[in-house]
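Read through the structure below, which is laid out as structure tokens, and then see the notes.
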Amino acid sequence: MCLVAIALYALVLAMISADWVAGTWILLWSAPLGLLAGFLVAKSRSLPQPLLHLAAFFSGYWLAFALTAGAALHTPWTLLLADLRALLSSGTGPGLAVVSSEHIFLLYLCFLSFFLGYLGSWLTYRARLPWLVALTYCSIMLVNLQYSRQASPLLLPLMLGALLLLIGRLHLATLLDDWHSLGLFADHSWLRSLLGRNLALTSLLVLLSLLPSLLLPPLIQPNWGSQLWQNLDALAGTLLHQRLFGPVPSGQLSSQEATVFFGERLTVSGSVLLPAGSVLEYSGSAAPAYLEAVTYNQFDGHSWTSTTQSQARHYAAEQPLPADTADGHYRQVVAYIRLLQVPQSARSYLFAPPQPVRFSVPVTIYGERLPSAWAQQGSLRPGERYTAVARVPVVDASSLARVPLLSVDPHFWQSDPALPILERDYLQLPASLPHSLMQTALAWTQGAHNAFEAMQLLVSHLSDPRQFSYSISNPPIPSHVDVVSWLLQTHSGYCTYYASAMVVMARLLGMPARMVVGFSQGHYDAGRQVWVVNGSDAHSWVQVYFPGHGWIDFDPTPGFALGPAFSGTPLPSPSSSPSNNGATPAGGQSDQPGTAATPAAHHTTPAPRSPLQTVFSSPWPLLALVILTGLGLLVLVLATVAALWWRRLDRQTSPVARLFWRLCRLASLAGLRPRSWQTPYEYSARLSQAMPEVASPLRRLTELFVRERWAPPYELPGSSEKAELERLWPPLRRGLLRLWLRRFI
């Protein structure tokens, strides 16, 4: 039970550290309860096993309900049940407005941990199939590591070590059962001693094999392995999406069609279709950062389009791009981006931190004066790499507080040359919007003295988790109700709902605003030192225009954040685990008013490497270290096994017999094995012919051995004769060494 519990808890702790959803600490309760249930069912002999399995299944399911609703969410279990019913019925139901789909995932994660504990106990104590336990646990661990590598590096070897010991322990138990069936019984004290020695030796070998790995640098997965995982991840994501949501009935297609990001039209619907698998990875001074691809400015109540992409301007690689404004304080950051797969989009959109000013590839800019989208002139391909240099505004609340609302003080805005374009393209609203939205915007921003305070109040209201919840599976939006009004009724939706609401309310207050679509910052891969962006990180947020500063990012979605807003303070380096509440783009450049630190020669300089990274930049030192470590470990293992084997052979024998049998074993290694028909004297005579220089001590040792074995008790060797062994062995050892040298050299 102890070995199964160690392996199970290592797996559960890895799942918790992956931070799939909030509240995963309840797995620490469900896993041991499943372990106990499996043990009780395995030991039961009175009731049929299928009936007990069925009872355990329902018990574990309701236990998961109780822990998820009562311990993690602190809500009635009926609401969680309503949410589950809504998910199974294509996303409709009252529960979705209260409990998000993440809670359903937590429910099944809790049940999974119960099931893993139950399966481990039952397969161990009833079916005696430890290999199946190891296969199941390793598969779950592999999926968990594919999602997140933030778990402690000791959890995986701890689980593998416990599983290996479990397999060996059950193999020994199976052998003992076979012996008992044949009528053979072994002493229990001997069994305990044997088991203790073997477990200790195996644990020592596992520990010794892991210690050298701490000295090795992290290895980068080869491209073919990375591509294999990406294909499997994409296939699994596609199958999972089709299995959970299924095809949409044709009669409901207009209202149920899932939102597709990066298209010519961004339709806000009940559910969202996200790219599957990893999409890109990036590093550089910009990390972590939101990566934008395209912006939308035209809204009809249910969908967003862009009217600014009719005008295109082409720029060569490394050619400076037009900025939103030449004024203000900013810093330049660099992002090194590698595409893993190309999301389905209308154009070859390039992903970059907000306000990019240069790309390392030829690019097409859309927009009359204010860029609204960036696309590569050629088609994008998986594995393509490019560099993006962006200009990040360095502003604080005091500088933005000087900007009034356009509707309050239009004269302040007259000095901005982009005002005609802003009024034409970024203040449009559908005529069908109800007047209640204006009342809501005014009520939420009551007390704001400037545009920045008004925008902050909108963000604080929309992102308030006490009022709104995040969900990617929602009831269909009625055709006669706009997205913003529907959000205010249901209080549930995904990022495009909240971004739409803020853009509409900002425009109602007279502030130019637009919808931005791209990716949130993703998660940090500490092993490869890159940020990895998955398809599930696709995101929508808001950009509001401030004179003298350009477009400023806001994220009103609950559970998301752009970090220390407008402080101008760089974020810490990604040494700590990133959470879903991401951070703003941050870099290491110093802030310079009106200027930026431009990378030298228009290309990026790799980050300085540590001495260890410099040594291992070539594969040969690493290969040599691996070979030497392996050889050293092999020698250590062989020496340990030989010492234990030697001690086992010498145990429970007299000094005379121990020395004689040692002589026989060593001579056998030189090719002079004793024959079954030879007496000790005949074998000794044969050895004397091969080693004539030690014939006398060899004959004396043989005489003592024969007397000890077959002489009457009064003729057994005495203590003085046993002490003679210390003088006999050195010449015999030298003779055996010379015999080995003559044989092998």
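Computed FRET efficiency, Cβ-Cβ of residue 176 and residue 143, R0 41 Å: what is it to the nearest 0.05?
With a Förster radius of 41 Å, E is 0.70.
Charges on Cβ only, +1 for Lys and Arg, -1 for Asp and Glu, centred on the Cα centroid of the range 677-741; of 740, 681, 714, which one is farthest towards the dipole's positive end?
740
Compare the peptides 49-56, 549-556 by average per-residue count of other Cβ atoms within 10 angstrom and give them in order, highest first.
549-556, 49-56
Sort 705-717, 11-23, 397-409, 278-290 by packing, meaning the average of other beta carbons within 10 Å per residue, with the highest value first.
In decreasing order of mean packing, 705-717, 11-23, 397-409, 278-290 become 278-290, 11-23, 397-409, 705-717.
Could you sort 728-736, 451-459, 362-370 so that the peptide with the highest average Cβ count within 10 Å comes first and the rest follow in order?
The most tightly packed comes first, giving 451-459, 362-370, 728-736.
Strictly greater than 34 Å: what percent of every Cα pair in the range 257-590 meets that?
That fraction is 17 percent.
Quick one: dipole size for the range 257-590, taken about the Cα centre, charges +1 on Lys/Arg Cβ and -1 on Asp/Glu Cβ, in debye to the nearest 20.
480
Only the coordinates and a few stated rules stand behind these numbers; no lab work does. The model shown is predicted, which means the values in this text are computed figures rather than measured ones. As a convention, Cβ positions derive from the backbone with ideal geometry for all residues, glycine included, and neighbour counts pool all protein chains shown.
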